[in-house]
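The values are calculated or read from the model by the stated rules, or taken from the named source; none is laboratory data. This one's a predicted model, so the numbers in the text were calculated from it and none came from an experiment. Cβ: placed from backbone, ideal geometry, glycine included. Neighbour counts: every protein chain shown. Side chains included, ligands, DNA and RNA excluded: accessible areas come from the protein's heavy atoms. Shrake-Rupley method; radii C 1.70, N 1.55, O 1.52, S 1.80 Å.
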Amino acid sequence: MDVEPNVARLRELLGGLDSVLVAFSGGVDSTFLLHEAAAVLGPRCVALTTVSPTTPQGDLDDAVRFAQALAITHLVRQTDELAIPGYAENPVNRCFFCKDNLFVICAAEARERGIAVVLDGANLDDLHDHRPGLAAAAEQGVRHPLVEAGLTKAEIRAASRAAGLDTWDRPASPCLSSRFPYGTPITREALARVAAAEDVLRALGLRDLRVRHHDTLARIEVPVEAMPMLLDPSVRERVTAELRRLGYLWVTLDLAGFRSGSLNDVL
C-alpha cells in the first residue's frame, strides 16, 4: 500500500496553516494527525483532550503519554456529556451532542490562545458511516485534514506503522456510551459497570472486545477465534462470576463475534 502521496498531501495541508489545535482522543486517527501536525508545525500545534465519565481511562493515559513524548502543549479539560440535555436519553444522534460539546470547548480554547484552526481526526471512511459528529464539526468550523488528504483508515494504520507509532494496530476505542443500544438511558453507574466488565476481559489478554449493556444482561463481543478461550469452563465461570458481581444477572456471548459499531445495525 503506497500511502506516501496522501501523507505528503497531508503535510502540505498542515504546512499551509498558521497554527492548529488538534482534538486529540488518543485513538489511531487523532494520534497520527497530531504526530504529523507536531512534526510540521512544532510549537504552533496544540492538542486538547476532554475527559468525562464516558472516557475509557486507558485512552486518557495513552493520550497524555503520547503528547508528553511529542513535547507539545496538551490541554486536558474535564467535561460531562451526561449533563448535556438529550445526551443521557441516548438518541440515534447521541454523538452529535458529544462532538458538539468537544468542538465548542476546542473552539473556545483556540480563540483564547489565538490559534487559527481546530482539526480533528475524521478519515475518509467516516464519511460513509453513521457519524452525527460530523455535523457538529461543520457547525464549529472544524477541519478534517485526513479527509482532505484522502486518507482511509487502512492507509492511516499503514502510515502510522511506517512512522513507528504504537497505535498503528490499536483496536477502535469509541466512548463507553457506544455500548448502550439507542434509547437505553446512559447513567454513571452503568458506564462504570461497562468499563469494569471490559477490564475483566482485557485481563485475559483480549484486545478486540465490547461488552454491550442491555440493562441486567451483558452481551460480550469478541473475535470468533477468541471464543474457545471464553468457553473454557474455568474461564467461563470466572468471567460469569465477575460480571455478575458487577451487577449483571445474565452474561451472554454473541455468536456473531466482535464488530465495531454493531449497535448501528438497527439503523
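Numerical summary
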item: Identity of the residue in segment 200-243, acidic (Asp, Glu) and out of contact with any Gly (no Cβ under 8 Å at 6 or more places or on another chain), that ends up most open to solvent (accessible area, probe 1.4 Å); result: GLU225
item: Test set (1) under 24 Å from CYS45 (Cβ atoms); (2) open to solvent by 40 Å² or more (accessible area, probe 1.4 Å) - VAL92 fails condition number; result: (1)
item: First in segment 239-267 and closer than 18 Å to ALA197 by Cα, second anywhere and open to solvent by 50 Å² or more (accessible area, probe 1.4 Å) and basic (Lys, Arg), Cβ under 8 Å, 6 or more apart; result: VAL251/ARG244
item: The one condition in (1) in contact with a helix residue (DSSP H, G or I) (Cβ under 8 Å, 6 or more places away or on another chain); (2) open to solvent by 40 Å² or more (accessible area, probe 1.4 Å); (3) within 24 Å of ILE186 (Cα to Cα); (4) not acidic (Asp, Glu) that ALA116 fails to fulfil; result: (3)
item: Given (1) touching a Pro at 6+ places or on another chain (Cβ under 8 Å); (2) open to solvent by 40 Å² or more (accessible area, probe 1.4 Å); (3) assigned to a strand (DSSP E or B), index of the condition THR252 fails; result: (1)
item: Segment 198-212 residues that are more than 14 Å from PRO171 (Cα to Cα) and assigned to a loop (DSSP other than H, G, I, E, B), paired with ones that are open to solvent by 60 Å² or more (accessible area, probe 1.4 Å) and of a type outside the set (Val, Ile, Thr) (beta carbon under 8 Å, 6 or more apart); result: LEU204/MET229
item: Cβ pairs under 7 Å, 6+ apart, first in segment 97-115 and without any contact (Cβ under 8 Å) to a residue 60 or more places away in the chain, second open to solvent by 20 Å² or more (accessible area, probe 1.4 Å) and basic (Lys, Arg); result: ILE105/ARG77
item: Test result for CYS106, buried (at least 16 other Cβ atoms within 10 Å of the Cβ), hydrophobic (A, V, I, L, M, F, W, C) and either at pLDDT below 95 or touching a Gly at 6+ places or on another chain (Cβ under 7 Å) (or both); result: no
